[in-house]
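Reading through the structure tokens given below for one structure.
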Amino acid sequence: MKRTVRAGAVLAATLLVLAAPVTSGAAQARGDGAAAHFYTTKTPYTAQERPRDYQPVPRGYVAVFTENVARHGSRAMSNSEDGDAVLAVTERAQAEGGLTGLGAALVPQVRTLLTAGASIGYGNLSGLGAREQRETALRMERRLPGLFAGIAQRREPIEVQTSGVARAVASANAFTGGLAEGDPALSGLIQAPVTNKDLLYFHKQPQNADYQAYVDSDPDLAAVLERIDDQPRTAQVARHVVSRLFEPGFVAGLSTAEQISFARSLFELYSAAPDLRVEAPHVDLDPFLPPSDAAWLAYLDDAEEYYQSGPAFAGRTITFKLAGVLLDDLFAQVEAKANGTSGKGAVLRFTHAEEIEPLAVLLGLPGSTKQSRLDQPYTYEHNPWRGETVAPMGANVQWDLYAKGGTYLVRMLYNERETAFPPSCRPIARGSYFYRLSELERCFNR
């Protein structure tokens, strides 16, 4: 989401789910000694578990169906606005002799990044994004070899749905291309992508006008984001950022608002650069944002995502109830397969962070559910929600359906990690990631 300019029964159940606290996915917060990065929801995709670590499928069960909901892969930034803003200030500083050596080194990096984004079209899927989707598909196929062999043998269709946005369509094509690469026998079974905006772009649809009004004009939302942004640390970080790139005299001529605007635009470029590593392999903006500064700017970015599409305010459901349509469809597809009214072998959906984040709340996914009181705004210290783990580029939720006679089990993967359903749902055994479909229907009040 672009930063804004500022002057049912299952809902109740999932509000009670609190994930185990974490500090941040970034190495500085983890303390593991690795390089620190703070890319929030623009973090490139990485599978979160190795298949060899998965639990064995219960004896006698075979996979009969799979479905996913996936965010598009890594992409170019939405437009050139932030790059233009950074260049406008650096070019002014250069004309006045106000660039430091580090500042002078930033200019060609930004220009190269903008050229890379324009070369594939702003907002479009990048080479890395296509690779993320293709490799995710190949891993899905390797996890479920019997299922896909059966799909090919029975000639079952593989349904593909997208939001209709170019990067989601391109992600679908890259993913299905990976499936066909892994097993050419699937090629003729993969259906052409169809657009379903009500399901996969619901945050922009007219039936969710109340949600759009919340994002645009809710006074509590505006107040909490202003309170977060206006903390003294924001101005301190911005001052530190510009002081490394510009000479003291030039910095003195920049207002606090101009310094903050520059720092936030630079952060947008910093977090977008990894997604264009194929098109701009030599661009590295890490040296221009020290980890401590990047961490704070990432927090400001995460706060917006948290309050606009995540769990947000305690006692309110406006930010995530709209994902109920997607949760309903996940159930409808496995139920149809189980009751024999669907002959599909798989259903693949490609969407956006604005859909993944609220779905994560409804499913009680780790780190996705903790709400904040109106008088206690979201902070990294007290809340595990992080864009880089909840909805990185290519984020995905997968449900696999297994059958044994007339009994059906469901296993959920979240970014390819076996993941438990909410505690109100009972697995087939303590610690298992397999659930009877009938049990999921019970605990989600189907």
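When you scan segment 404-413, do you find a residue that is closer than 25 Å to L128 by Cβ, at pLDDT 95 or above and crowded, with 24+ Cβ neighbours inside 10 Å, even just one?
No, because not a single residue in segment 404-413 is closer than 25 Å to L128 by Cβ, at pLDDT 95 or above and crowded, with 24+ Cβ neighbours inside 10 Å.
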Identify, please: which residue in segment 43-58 is among the hydroxyl-bearing types (S, T, Y) and surrounded by 15 or more Cβ atoms within 10 Å (Cβ to Cβ) and is, among those, farthest from the chain's Cα centre (by Cα)? Y54
Options A93, A85, A20, A35; residue that is within 25 Å of L245 (Cα to Cα) and modelled with pLDDT under 95: A35
What about R264, is it basic (K, R) and either touching a Gly at 6+ places or on another chain (Cβ under 7 Å) or within 22 Å of H352 (Cβ to Cβ) (or both)? yes
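Over 30 Å from A209 (Cβ atoms) and among the small types (G, A, S), is that true of A332?
On the way: over 30 Å from A209 (Cβ atoms): no; among the small types (G, A, S): yes.
Judged against the criteria, A332 is not a match.
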Kindly check whether there is at least one residue in segment 427-440 that is modelled with pLDDT of 95 or more, over 24 Å from A336 (Cβ atoms) and touching a helix residue (DSSP H, G or I) at 6+ places or on another chain (Cβ under 8 Å). no
Checking the structure you have, find out if any residue of segment 229-245 is surrounded by 13 or more Cβ atoms within 10 Å (Cβ to Cβ) and in contact with a Gly (Cβ under 6 Å, 6 or more places away or on another chain). yes
Within segment 329-351, can one find any residue that is open to solvent by less than 10 Å² (accessible area, probe 1.4 Å), farther than 30 Å from G406 by Cα and in contact with a helix residue (DSSP H, G or I) (Cβ under 9 Å, 6 or more places away or on another chain)? yes
Residue in segment 352-399 that is most open to solvent (accessible area, probe 1.4 Å), counting only those that are closer than 15 Å to Y299 by Cβ and part of a helix (DSSP H, G or I): T389
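Residue by residue, here is whether (1) of a type outside the set (V, I, T); (2) within 29 Å of Q212 (Cα to Cα) holds:
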{"position": "Y270", "(1), (2)": "yes, yes"}
{"position": "A280", "(1), (2)": "yes, no"}
{"position": "V283", "(1), (2)": "no, no"}
{"position": "L297", "(1), (2)": "yes, yes"}
{"position": "Y306", "(1), (2)": "yes, yes"}
{"position": "F313", "(1), (2)": "yes, yes"}
{"position": "T317", "(1), (2)": "no, yes"}
Using beta carbons and a limit of 7 Å, which pairs, at least six apart or on different chains, have the first residue in segment 432-446 and within 13 Å of Y402 (Cα to Cα) and the second one in a strand (DSSP E or B) and among the acidic types (D, E)? Y433/E418
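Which of the residues belonging to segment 168-194 are closer than 24 Å to D275 by Cβ and either small (G, A, S) or open to solvent by 60 Å² or more (accessible area, probe 1.4 Å) (or both)? Walk me through it before giving the result.
Going through segment 168-194, the residues closer than 24 Å to D275 by Cβ turn out to be 168-179, 181, 193.
If the condition is that a residue be closer than 24 Å to D275 by Cβ and either small (G, A, S) or open to solvent by 60 Å² or more (accessible area, probe 1.4 Å) (or both), then A168, A170, S171, A172, N173, A174, G177, G178, E181 are the ones that fit.
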Kindly indicate the residue of segment 83-122 that is closer than 17 Å to S265 by Cβ and under 21 Å from the mean Cα position of the chain (by Cα) and also surrounded by the most Cβ atoms within 10 Å (Cβ to Cβ) among those meeting that condition. G117
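Each row is one residue, and each column tells you yes or no for (1) crowded, with 23+ Cβ neighbours inside 10 Å; (2) outside any helix (DSSP H, G or I); (3) of a type outside the set (A, V, I, L, M, F, W, C); (4) out of contact with any Cys (no Cβ under 7 Å at 6 or more places or on another chain).
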position: D275; (1), (2), (3), (4): yes, no, yes, yes
position: A280; (1), (2), (3), (4): no, yes, no, yes
position: S292; (1), (2), (3), (4): no, no, yes, yes
position: D302; (1), (2), (3), (4): yes, no, yes, yes
position: T319; (1), (2), (3), (4): yes, yes, yes, yes
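The values are calculated or read from the model by the stated rules, or taken from the named source; none is laboratory data. Keep in mind that what you see is a predicted model, and the values were worked out from it rather than measured. Note that we place each Cβ from the backbone using ideal geometry, even for glycine, and neighbour counts take in every protein chain shown. SASA here: full protein model, heavy atoms, side chains in, ligands and nucleic acids out. Shrake-Rupley method; radii C 1.70, N 1.55, O 1.52, S 1.80 Å.
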